[in-house]
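Below is one structure, written out as C-alpha cells; the observations come after it.
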Amino acid sequence: MSARQRGDVGAAAGTAARVRAGIGSASGVGRSAWSTAISIALLVLLLAAALIPWWPVYESTEFLVAAAVAVVAGMGVGLLGAWRAWPSWKVLVALVAAFLLLGVPAAVPSRAYAGVLPTPQGVLDLIAATALSWKQLVTIAVPVGSYQALLVPPFLLTLLASAAAVTIAFRTRHPVVAVLPSALLMAAGILLGVVHDAFAIAAGLWFLVATVAWLVNVAILDRQALGGRSAVERALGDARRLLGASAVLAVALVGASAAAFLTPVSARTVVRSEVQQPFEPRAHESPLASFRAAFDPLAADDVMLEVRGLPPGTGLAVATLDTYDGIVYSVGGADGTSVSGSFTRLPYRLDQTGVEGEPVRISVEVAAYDDVWVPGVGQLERIDFGGPRAETLADGFVYNDTTGTGAVATGLARGDAYTAWSIAMLDPSELAEMQPGTSVVPAAPEPPPELEELLDAWAPVSEAPGQRLAAVIQGFHAIGYVSHGTTSDSVPSRSGHALDRIAQLATDQPMVGDGEQYAVAAALMARRIGFPARVVVGYTVPEPAAGETASGETASGGAAAGDAVADATATTTVLRRDDLQAWIEVQRADGAWIALDPNPDPRDIPEREPDQPEIVSRPESALPPPPERTQVDENDSPADGTDERPQDDLGRWLGVLTTVATIVGLSVLVLALIASPFLAVIVAKIRRRRVRRLAESPVDRIEGGWQEFADTAADYGYPIRANSTRAEQAVTVGGLAPLVLASVVDRAVFAPGGPQDGDDERVWRSVDELQRRLAAPRTRRERLRAAISLTSLGGYAVSRRGGRR
Amino acid sequence: MTMTPDEAARFASNLDRLVGAVETVLLGKNRVVRLAFTAFLSEGHLLLDDVPGTGKTSLARAMAQSVHGTSNRVQFTPDLLPGDITGVTVYDQRSGAFEFHPGPVFANIVLADEINRASPKTQSALLEVMEEGQVTVDGQTHPVGHPFMVIATQNPVEQAGTYRLPEAQLDRFLMRTSIGYPDHASTIRILEGADQRAHDVQVEPQLHAAEIVQMAASARTVHVDPTIHDYVSRLVDATRTTREVRLGVSVRGALALIRAAKTHAAGRGRHYVVPDDVKALAEPVLAHRLILDAEAEFDGVTASNLIAQVLIETPPPSSRQAV
C-alpha cells in the first residue's frame, strides 16, 4: 500500500484506493480493509458495552432497535465523513439529518407511519424530547419500554458517540481517544439509569475488555505502521501487547471479583435518586391515622367511589403501609428509606408478567373521595384516566410498584374517573402451608409483650409459620369484636394504633377494636412469626346481605371487547365512607403478597368483665425470636425467616458440603485469578518460542533461536543491553559457546546465500543446550523467577526490538 | 564477484602474519597494528594522533619491512616546502634536459611525522598526493607506487608551533587513532631490549607488495548485506542530527567505513560484514570527521564520546528483513 493510498484523504484520485485499502488517513487506524473492519468491530463492542447500563431503564426490544440504528447511523456518518474527508460542519449536518430521519421510527416508534416513516407529529415529538425527555426519564418508573419519546436520550447520545468515536478513530492522530465517546455514553447511562447495580460489574468488565482490546488494536496498528520488521517480530510484538492486555484484564477480574465479594451492596447515587421525586408520600397524612374519621355518623354514608368490575371479596386498596414507628403506620418517605415511599411516574404500562393472580379491570368514578391516593386492586398494569381532568391526572399519576399504591399529587376529586388494569392477588386458600417470603420491610419497634403473649397463646413457636399465621388470623376472628368508638357503638373503643393501643387490644376483655388496631396487631404478629407483613388501607365490598351497596347495574362501555380480564361481575359497587377497612398483606416464599383480613365479623359485644383475668399463656419458648429485618431493598439477600423450621440430617450434611465446596471453589478461583498473570507470562513465552521455532524462513528460525537464547539470558539477569550486537550479547553472557552461536547466526543472516540446510536445527539444538547450561547452576526458585520474569517481555524487549527502525 | 570463505581464510592468515611480524617491534599494540594494516589493505591512510616517542616511526618502518616494500620518513617542519615532499625537476647539463627527482613521497609507506608542524601549503601538497596517488610536477604526472599508504602523525594541537589540519583534509585519512603508551608488561619487555637501537630491529618480510595489492583487491569483494548499508547510513545520519555536532560525517566517511569494515571482516576470516565490524571501526573511521559545536567542545565533549553514544543509540541490524 502506497503512502498516497494510506494518507491522502483529500485527494479525489485516491478515493478508490482508500476504499480498497481502508478508510481515513495515515494518522488514524484505517490503514487496510482488514484493520478497518477490526477497528469498526471493536468500536461497536465499545459502544455495546457502554449501552449496558441503559438496558435496565428500557428492557425492551425497541431499545435494542434504537441503539442498533443509532450505532449504524452514527458510524455510517463518521465513516462517510472520513472517506470523503468531510469538514466538521458537513458531518454535523449529516448527523442532524440522520437524527431527524431515523429518530422517529427508532426512538418514537409510536409516531412512525407504518413503523418506518416519520410523521410530522413524530418529528415534533422527537425535537421536543431532545430537550424535555431527560428529566422525564429520571422521574418515571423503570422499565419504560418505548413509552412516549423516552428512547430519544439514548438514541441521540449513541448517535453522537458512534459518529465521534469513528471520527476520532479514523481521522485523528490519537485514535486511542476514540474510547472517550463510549465512556461518556456509559457514564450517561449510569447517571440516568437505575439505582441498583445489577449490571454494574458486567458493564464495567465488558467496557474494560473492549477498551483494552481497542488500545491493543491501536498499538498493533501503530507498530505495523512503523514497518521494517519481520513477520516474526511483528507477531512477537503483538503477542507481547496481547499478553499485557491479558495481564491487565486478569488484574481487573481479580479486583472486580474481590470488589463483588467484599464490598457491601448499596444503592447507587444516580440522577434518578437525586432528582426531586414527583410525589412525597410523607407530605400526606397516613390513611390509617384518619381511619376512625371515616366512621363519623355524620359522614359515614357519603358515597366515596363507584367501582365497576371489582371482584367479589376483593378489597379496593387505597394505600399500602409498611413503615411503623410505634405510633403511626405509614407509607415510607421518598428519601429511599422504604421501598413503599418511592413513587415514580408510570410509563404507558407496567410489565407484570411475573406476578401471579387474576387479571382484573376496574372502572372507578370518584364521588366524595378526595385523597391523593388512587385506589386500586393488586399490581397495576395500566391506568387510563377519564373525566374533565383526565390529562392532568395522567401527567400527575405516580405509582409504587412494590406496594401497588398509586397517587396523584393534586388528589382525586368528584367527577374524576379512571380505568385500571391490574393483577389481583391470590386467594390465601392454603394459609397454613405458607412459608415466609424473603422481602425485607422497614424495621419496626418490638411488639408489646402483651401481644407477644397473645401470639404464644394462639400460635406456639413449635408450629409451622403458616399454621401460626393462620392461628393468629383465626384468633382475632374468634375473640375480637368490632367497635369504631362512635356514639352508635355500644362499647367504647379508643382510636389510634400506637403500641400502647395495641397492647390494650391484646389485653382487653373482650377484645375490642376495629380495622385500625386489628390490622396493625396482626401485622406485628405476622412479622414476629417471620412473615414480611404490611398494612393495607382500603375499601372492602360490603356483604350483599346488607342490601344497600350492590346496585347490580350491568356494565357497559367501560370494557373493551375481547379483553381477557375478569369483568364477570359487571356490577357497579358503591363504596361509602364507612366501607373503609384495614387489612394486612404477608409475603409467602414465592414472593407473592397475600391479603389477609384479621378483622372479626361485626357482632354483638358482650359486657365487659369486671375483673381482668390474666391471659392464660403457654410457657415462653426457648427458641429465640426471628431477627428483625433492617434492610430496605427488596432485592437484598433473603431474611432468615425459617429458623424455626426443622432440618433433617441429610439436609444439614448437604448444607455443610455445599458450604465447603463453595469455599474450596472460591479459594481455587481466587488463587487461579491471582496466578493467572504469571501463567499468562509463561504461556506467552511458550507461545513466543513456538512462533520463533516455527517461523516461515530458515533465517527467521535461526534469528529466532538467538532471540530465544538472549531472552533467556535476560530473564536470568544478564544485562543484555539494548542495541547490542549478537557478539556483544554473547560476551555479556560469557563463554565460547554463545560466541560461536552468535557467529553462526550472523553468518546465516548477513552472509551471501543465507543459511545452509540444517543450520536452523543446529542453532535450536545449540539454543536448547545453552538454555540448559544457564539453568543448571541455578536453584529451582531462581529458575521459576526467570520463567515468570517480564524482563524479556518488557523494557529490554521493547527497546531492543522496538528501537529497530 | 564476491569473496569466498576460502579466500577470506587466506586473507585472515596473511593479515595475521603481517600483524604478528610488526608486533615483534611494536609490543602490546595488536589493535593499533591491526587497524594500521586494515587501513593499508583498504587503500587508505592513517593518522596517528600521538605524543612523541610512542613508536610511530617504528610502526611505519616495520610495516614497510613486513611487506617487502619501501618506506620513507618525512619530518615536517615549518620551513618544509611542497617540493621537499613531492620532488623537484632539475636541469641536467649533461643531458640538456629537465630531470625529475622524486621526493620522499615516492614509497609504499610514507611516514609523515608531525604533519601539523608544517605550513598548510605543504600539508596540502601531501594530502593531494594521498588522494590521487600521484604527483604532478611541471605537467608531468608521476605515480607514487602501489601499494601506497601515508601514516601521518600529529602532536596534540595544544602544543606550540603546530598548524591544525583543515577539516576537509582530515576527511582524507581513512582512520585516525593513537598508539598510546605501552602497558606495564610491554614497557618492561621494551626496557629489556634497550641496548638494541630501534632502527636496528629488522622485520622479516612476509608478503610482496604485489600480494598486498591482491589482498586489497580481494577485500573489496567482501559481501555487505543491505542491512549493513542501512546501519551505516543510520549511524552517519545520527552524527548529523546530534545536537553537539556542527558538521556530521560526510558520504566519503560512510564509504570509508564500509570499505574498512570489509577489510576488517576479511581480516577476521569472514567473507561478509557483520555489524560488529562496523562498530569496531566506527570510532577510528568517523571520529576525526566530526566537527563539534564549540560549546560542546568547551563542555569537554569529544568526538569519540559522541560516536560511542551514537553506537549505543543506533540499533544494529539483527535480521535480513530489517531494511
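Laboratory data are not the source of any read-out in this text; all were calculated from the coordinates shown. Quick caveat: nothing in here was measured; it's all calculated off a predicted structure. No Cβ is skipped: glycine too gets one built from the backbone with ideal geometry, and neighbour counts run over all protein chains shown.
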The exposure ranking of A:W34, A:W593, fewest beta-carbon neighbours within 10 Å first, is A:W34, A:W593
By the C-alpha gyration tensor axes a ≥ b ≥ c (rounded if a/c is under 1.5, else prolate when a/b exceeds b/c, else oblate), the shape of the range B:103-170 is prolate
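Based on the Cβ-Cβ distance from A:I201 to A:A97, what FRET efficiency comes out when R0 is 45 Å, to the nearest 0.05?
Values: r = 39 Å, r/R0 = 0.86.
Rounded to the nearest 0.05, the efficiency is 0.70.
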How big is the charge dipole of the range A:283-596 about its Cα centre, in debye rounded to the nearest 20, if each Lys and Arg gets +1 on its Cβ and each Asp and Glu gets -1 on its Cβ? 260 debye
Can you list the HN-Hα couplings for the range B:224-230, worked out from phi with the Karplus curve (6.51, -1.76, 1.60; θ = phi - 60°), rounded to whole Hz and with x for Gly and Pro? 10, 5, x, 5, 6, 4, 4
Listed by chain and number, the lysines with an alpha carbon less than 22 angstrom from that of B:K29, same-chain partners under 8 positions apart left out, are B:K56, B:K262, B:K279
When chain B is modelled as a GNM with alpha-carbon springs shorter than 10 Å, which of B:S124, B:S95, B:S218 fluctuates the most? B:S95
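Shape verdict for chain B, please, from the Cα gyration tensor: rounded (a/c under 1.5), prolate (a/b greater than b/c) or oblate.
Values: a/c = 1.42, a/b = 1.28, b/c = 1.11.
Here chain B falls in the rounded category.
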Please report, to two decimal places, log10 I(q)/I(0) for the range B:128-270 at q = 0.14, 0.18 Å⁻¹ as given by the Debye formula with identical point scatterers on the Cα atoms and no solvent. -1.10, -1.35
A:Q435 versus A:A775, label points 7 Å from Cα toward the beta carbon: distance in nm? 5.6 nm
In terms of the alpha carbon gyration tensor, root eigenvalues a ≥ b ≥ c, rounded if a/c is under 1.5 and otherwise prolate when a/b exceeds b/c or oblate, the range B:222-323 is prolate
Principal axes of the range A:695-802: Cα extent on each, largest first, Å: 43, 29, 26
In whole Å, what is the distance between the alpha-carbon centres of the range B:243-304 and the range A:383-447? 91 Å
